[in-house]
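Report on the following structure.
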Amino acid sequence: MTPKKKVEFLIIGQGLAGSLLGWRLIQQGHSVLLLDPCLTHTASRTAAGLINPVTGKRLVKTDHVEQYLTAAKELYAELANFFGLTFLHEREQVRLFQSEAELNQWNKRKNQAEYAPFLAERFNAKDKKYLKETSLGGFKQQQCAYLDTVALLDHLRDFFLHQGCFIKAQIDLSELNISSSSVEWHDHTADKIIFCDGYHLQYNPWFSWLPLQPVQGDILTLKTDQPLPNEIVQFGKWLLPLANGQLKLGASWQWQPLDEKPNEKAALDLLDACYPYFPHLRQAQRLEHNVGIRPGTRDKQPFLGQHPEQSNLLVFNGFGSKGSLLIPWHAERFLRYLTHAEPLPTSADINRYTHDYFTR
Ligand SMILES: Cc1cc2nc3c(=O)[nH]c(=O)nc-3n(C[C@H](O)[C@H](O)[C@H](O)COP(=O)(O)OP(=O)(O)OC[C@H]3O[C@@H](n4cnc5c(N)ncnc54)[C@H](O)[C@@H]3O)c2cc1C
């Protein structure tokens, strides 16, 4: 019998979570094997990759956003340096007031010191060609960016292939042979298996008890021969201008059904929301209509940690709608947890749920 090929970590899923964790483990000299079926409609490949520190109707700053931004900029710069290509594009962003209540909320936030690095000046209707005279105007947001996730994942997949640590496969989890000391899959054996399987976690026999709240979303890619704004524009929905007259328009939120099928009604809603500002987009050509499922969680915090009863089964998942921002910092913390037994951040540690499901 041929001996099994041995690695330290078997990673299920080459989305943003599996890829960035795999990259960091390899950089630290660890052996990994990544498995992924190379589908196009995953969350990571559908996402526009926006990084936006202050979001929602109430203009709330993401907790610890400063440390997440630092880690994200560092890791995407390291990858840009390695591959000779920029993946993280810093962009000015504006947000258009949708109501007096939003304007009042902005006035409140402007006086809160911790918001100062992220919220810039207000502008009026006359300052933007795409605003009507009656509009309430909007404000500039700072430290915003978008990540070209498809280019990044393609480059990382090529890198993993060249390292001999990637196999195209949708694994049937019942094929895993798990003992207390190892995990076997076909002719491979690993010390530990890490599930970075996105919303598929809900079907995972070891981790389906975690309260995942998956949300499907549609994004359109359009092309126009008319001028586009230079900045990302938020108006309840968002418009992301790209090169060569192309733009992305997103995103919808659909809790049911989770069928990964493009929803034409959602696409029309996106277009209807943007026409009041950009009427010329009625003539734009629709290049793509993509759909994916965000791996959201009940408490909006990621899922990191090991199975309470089988310590060689681990999860690195639950990055919701903020993967581009959250994954780099959490990958670093997870790496230290795996390799130096450092504690996980309590907000992300799945221990917060184990007492609900397991008695020790
Ligand atoms: C419409 C939409 C818009 C979004 N917009 C943004 C945004 O602007 N900014 C932002 O930061 N985030 C955004 N997100 C969220 C972002 O995409 C996620 O946070 C992030 O991509 C999650 O990455 P992941 O690797 O955990 O999951 P995924 O990208 O879903 O990757 C999981 C991978 O695991 C693989 N897999 C699953 N089961 C198996 C198996 N049994 N065997 C092998 N492989 C398996 C899947 O094929 C997949 O490749 C958006 C998501 C959607 C859907």
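Think of a 1.4 Å ball rolled over the protein heavy atoms: region 278-360 then has 46 Å² of accessible area per residue. Loop-resident trypsin sites (Lys or Arg not before Pro) (DSSP state other than H, G, I, E or B) in region 121-185 with no more than 10 further Cβ atoms inside 10 Å of their Cβ: Lys129, Lys132.
For region 86-123, the list of chymotrypsin sites (Phe, Trp or Tyr not before Pro) that fall in a loop by DSSP and count at most 15 other C-beta atoms within 10 angstrom is empty. Dividing the helix sum by the residues of the chain, where each DSSP H run of 4 or more adds -39500 (n - 2.57), gives a mean residue ellipticity at 222 nm of -8500 deg cm²/dmol. Rolling a 1.4 angstrom probe over the protein heavy atoms with all chains in place gives region 141-241 an accessible area of 41 Å² per residue. Net charge dipole, region 172-324: roughly 720 debye, given to the nearest 20, about the Cα centre with Cβ charges of +1 for Lys and Arg and -1 for Asp and Glu. In Å, what Kirkwood hydrodynamic radius results for the chain from the alpha-carbon pair distances? Averaging 1/r across every pair of different Cα atoms and inverting gives 21.7 Å. Region 1-30 and region 50-123 have Cα centres lying 32 Å from one another. Per residue, the solvent-accessible area of region 1-85 (1.4 Å probe, heavy atoms of protein chains only, all protein chains present) comes to 44 Å². Only protein atoms count toward the accessible area here, which uses a 1.4 Å probe; on region 204-312, the carbon and sulfur part of that area reaches 47 percent.
The mean sequence distance of close C-alpha pairs (under 8 Å, at least 6 residues apart), as a share of the length of the chain, puts its relative contact order at 23 percent. Relative to the longest principal axis of the Cα atoms of the chain, the long axis of helix 65-83 lies at roughly 70 degrees.
Think of each Lys and Arg Cβ as +1 and each Asp and Glu Cβ as -1; about the Cα centre, that makes the dipole of the chain roughly 920 debye. Solvent-accessible area of region 41-186 (1.4 angstrom probe, protein heavy atoms only): carbon and sulfur portion equals 48 percent. Farthest towards the positive end of the charge dipole of the chain, among the residues Ala101, Leu220, Leu33, is the Cα of Ala101, using unit charges on the Cβ of Lys, Arg, Asp and Glu. Greater than 24 Å separation of Cα atoms is the criterion. Which listed pairs, Lys140/Lys261; Lys73/Lys261; Lys129/Lys237; Lys57/Lys261; Lys108/Lys140; Lys57/Lys248, meet it? Lys140/Lys261; Lys73/Lys261; Lys57/Lys261, as the Cα separations exceed 24 Å there.
In a DSSP loop and with at most 16 other Cβ atoms within 10 Å, the trypsin sites (Lys or Arg not before Pro) in region 265-339 are Arg298, Lys300.
The values are calculated or read from the model by the stated rules, or taken from the named source; none is laboratory data. Keep in mind that what you see is a predicted model, and the values were worked out from it rather than measured. When we count neighbours, we look across all protein chains shown, and the Cβ atoms used for this are built from the backbone with ideal geometry, even at glycine. Note: areas computed on protein heavy atoms with side chains; ligands, DNA, RNA excluded. Shrake-Rupley method; radii C 1.70, N 1.55, O 1.52, S 1.80 Å.
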